[in-house]
1. In nm, give the distance between the simple-model label positions of residue 6 and residue 39, each being 7 Å from the Cα along the Cα-to-Cβ direction.
2. I need the GluC sites (Glu not before Pro) found in the range 19-75, filtered to DSSP loop residues with at most 10 other beta carbons within 10 Å of theirs.
3. What shape does the range 1-49 take by its C-alpha gyration tensor, where a ≥ b ≥ c are the square roots of the eigenvalues and a/c under 1.5 counts as rounded, a/b above b/c as prolate, and the rest as oblate?
4. How high is the relative contact order of the chain, in percent, counting Cα pairs under 8 Å that sit 6 or more residues apart?
5. Compute log10 of I(q)/I(0) for the range 25-75 with the Debye formula, placing one identical point scatterer on every Cα and leaving out solvent, at q = 0.30 Å⁻¹, to two decimals.
6. Size of the dipole of the chain about the Cα centre, Lys and Arg at +1 and Asp and Glu at -1 on the beta carbon, nothing else charged, in debye to 20?
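Readers should treat all values here as calculations from the given coordinates under stated rules, not as data from a laboratory. Model, not experiment: these values are computed from the prediction. FYI the Cβ positions are ideal-geometry reconstructions off the backbone, even for glycines, and counts take in every protein chain you see.
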Amino acid sequence: MDYAERAHKTLGCAGLSRADFRWDEARGLDGLYLLEVNTQPGMTPTSLAPEQAAYCGMDFASLCEALVEDALCCR
C-alpha cells in the first residue's frame with residue numbers, strides 16, 4: 001500500500017487510482033515490481049474500487065459523491 005500511495009503522489013494523481021504490481025517470489029524482498037498506475041480504474045458496482053470502499057464502510061453512491069467533491073475542490 002505504501003508503494004501504491006507513493007506512486008500516486010509522485011505521479012501527481014488526484015482522486016482514485018489503482019496501482020498494479022507483479023511479485024517474483026524467487027527474488028524475495030526484491031521481487032515486487034510496479035507495473036502501472038491506472039488513473040481510471042473500473043467504477044462498476046462489481047469493480048475493485050467500489051469493493052474496497054465497501055470494505056471501508058462506504059457505499060457506491062457515497063464513493064461517487066466523494067470523488068466528485070474531491071475533483072471540485074482540487075480544480
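1. Going from the residue 6 label point to the residue 39 one covers 2.1 nm.
2. In loop regions of the range 19-75 (DSSP not H, G, I, E or B), there are no sparsely surrounded GluC sites (Glu not before Pro).
3. oblate
4. Rounded, it is 23 percent for the chain.
5. -1.12
6. 200 debye
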